[in-house]
1. Name the residue that is nearest to P120 (Cα to Cα), counting only residues in segment 245-265 that are of a type outside the set (S, T, N, Q) and out of contact with any helix residue (DSSP H, G or I) (no Cβ under 7 Å at 6 or more places or on another chain).
2. So which of R78, R118, R146 ends up being in contact with a Cys (Cβ under 8 Å, 6 or more places away or on another chain) and not aromatic (F, W, Y)?
3. So which residues in segment 275-295 are more than 19 Å from R322 (Cα to Cα) and within 24 Å of the chain's Cα centre (by Cα)?
4. If you go through segment 149-159 one residue at a time, how many are of a type outside the set (D, E), in contact with an Asp or Glu (Cβ under 9 Å, 6 or more places away or on another chain) and part of a helix (DSSP H, G or I)?
5. Could you tell me whether any residue of segment 109-126 is open to solvent by 40 Å² or more (accessible area, probe 1.4 Å) and free of Cβ contacts under 8 Å to residues at least 40 places away in the same chain?
6. Condition check: out of contact with any helix residue (DSSP H, G or I) (no Cβ under 7 Å at 6 or more places or on another chain) and either in a loop (DSSP other than H, G, I, E, B) or modelled with pLDDT under 95 (or both). Does A163 satisfy that?
7. Please count how many residues of segment 150-193 are of a type in the set (S, T, Y) and within 24 Å of N105 (Cβ to Cβ).
8. Give me the pairs: first residue in segment 56-71 and of a type in the set (G, A, S), second residue open to solvent by 40 Å² or more (accessible area, probe 1.4 Å), beta-carbon distance under 8 Å, and six or more apart or on different chains, which are they?
Amino acid sequence: MTIESMPMSRALNAGLRKAMQDDPRVLLMGEDIGPLGGVFRITEHLHRDFGPQRVLDTPLAESGIVGTAIGLAMAGFRPVCEIQFDGFVFPAFDQITSQLAKMTNRHEGALSMPIVIRIPYGGHIGAVEHHQESPEAYFTHTPGLRVVSPSTPNDAYWMIQEAIRSNDPVVFLEPKSRYWPKGEVDLSASAVPLHASRVVRRGSDVTLVGHGAMVTTLLQAAAIAEGEGTSCEVVDVRSLSPVDYGPILDSVRSTGRMVYAQEAPGFTSLGSEIAATVMERAFYALEAPVLRVSGFDTPFPPAKLEGTYLPDADRILEAVDRSLAY
């Protein structure tokens with residue numbers, strides 16, 4: 001067993017490096033990902049070590065990046081596209097939803113699209129407009145795309161490699177606020193499949209569910225609740241599409257209560273879908289309605305207001321109290 005402590009940014013870098021070493025068809029594309037190593041330095045030194053034919057600095061044209069990746073995939077390559085910030089993905093939205101997501105179905109399964117689109121997303125970094133958004137619902141709503149989001153460095157290291165090995169297009173959402181905190185990475189074995197939810201804390205009174213950076217906030221809320229005599233179980237969704245409902249439903253059937261938390265606005269969101277599915281499939285186990293805590297249904301605010309906009313442990317604990325009051 002080989003375990004190292006590293007931040008998620010370095011774990012992603014190591015995962016990309018391993019994937020490129022294992023398969024010469026893997027190449028990286030994106031704005032400033034070459035000698036600079038990307039805005040967040042996720043691709044640092046990869047241009048130096050693999051050369052400009054496998055680490056491509058592209059023009060500032062997201063639609064062109066994804067469109068070119070589609071052509072490369074048709075030619076047998078496995079492109080990994082970096083979208084510099086979440087709010088910059090929308091110029092590529094037509095290529096992703098109208099072409100990439102539909103291409104395999106259009107060819108009746110005869111053509112694979114092994115493309116990964118990496119998107120740093122979410123808040124907590126004090127950035128400006130178009131640099132702090134949570135667009136996951138657009139992609140989970142689109143048939144033909146796989147959508148995943150790691151919450152720990154270990155998951156980031158293994159999930160990026162598994163995403164690159166997938167023959168289907170994968171939208172890989174990286175919670176940018178988790179790029180820097182360190183965590184243990186087991187470099188010797190992958191513990192959890194790409195599309196599996198995971199219980200990250202055991203509890204008996206309320207199930208807390210979320211994805212990406214929100215998992216850390218849920219764990220903070222659970223620790224506070226424990227000091228107040230409430231036992232919370234925490235489930236990391238990890239795969240946003242498809243969703244692995246097994247661990248979620250098992251937990252809810254045990255606790256009888258569930259709170260879903262996310263940074264994205266609540267209306268027609270991933271939390272909405274998971275809440276509705278749990279209501280349908282575990283209705284008789286519930287002691288209270290499934291409650292949701294989310295960002296507000298407004299554009300992401302200026303940096304000074306993000307602490308009010310984004311769910312924190314207090315808002316989650318208030319939902320826990322409401323659930324227990326039923």
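1. Looking at the filtered set, the residue picked out is P265.
2. Working: R78 fails: in contact with a Cys (Cβ under 8 Å, 6 or more places away or on another chain); R146 fails: in contact with a Cys (Cβ under 8 Å, 6 or more places away or on another chain).
Among R78, R118, R146, only R118 is in contact with a Cys (Cβ under 8 Å, 6 or more places away or on another chain) and not aromatic (F, W, Y).
3. Across segment 275-295, the qualifying residue is only T277.
4. 5
5. Yes; the residues of segment 109-126 include at least one that is open to solvent by 40 Å² or more (accessible area, probe 1.4 Å) and free of Cβ contacts under 8 Å to residues at least 40 places away in the same chain.
6. Working: out of contact with any helix residue (DSSP H, G or I) (no Cβ under 7 Å at 6 or more places or on another chain): yes; either in a loop (DSSP other than H, G, I, E, B) or modelled with pLDDT under 95 (or both): no.
No; evaluated as a whole, the condition is false for this residue.
7. Final tally of qualifying residues: 1.
8. As it stands, the answer is A61/P91; S63/P91; S63/D94; S63/Q95; G67/Q95; G67/Q99, since those pairs meet every condition given.
The values are calculated or read from the model by the stated rules, or taken from the named source; none is laboratory data. Note that this is a predicted model, so its numbers are computed, not measured. Using ideal geometry, Cβ is built from the backbone for each residue, glycine included, and neighbour counts are taken over all protein chains shown. With ligands, DNA and RNA removed, areas are computed over all heavy atoms of the protein, side chains included. Shrake-Rupley method; radii C 1.70, N 1.55, O 1.52, S 1.80 Å.
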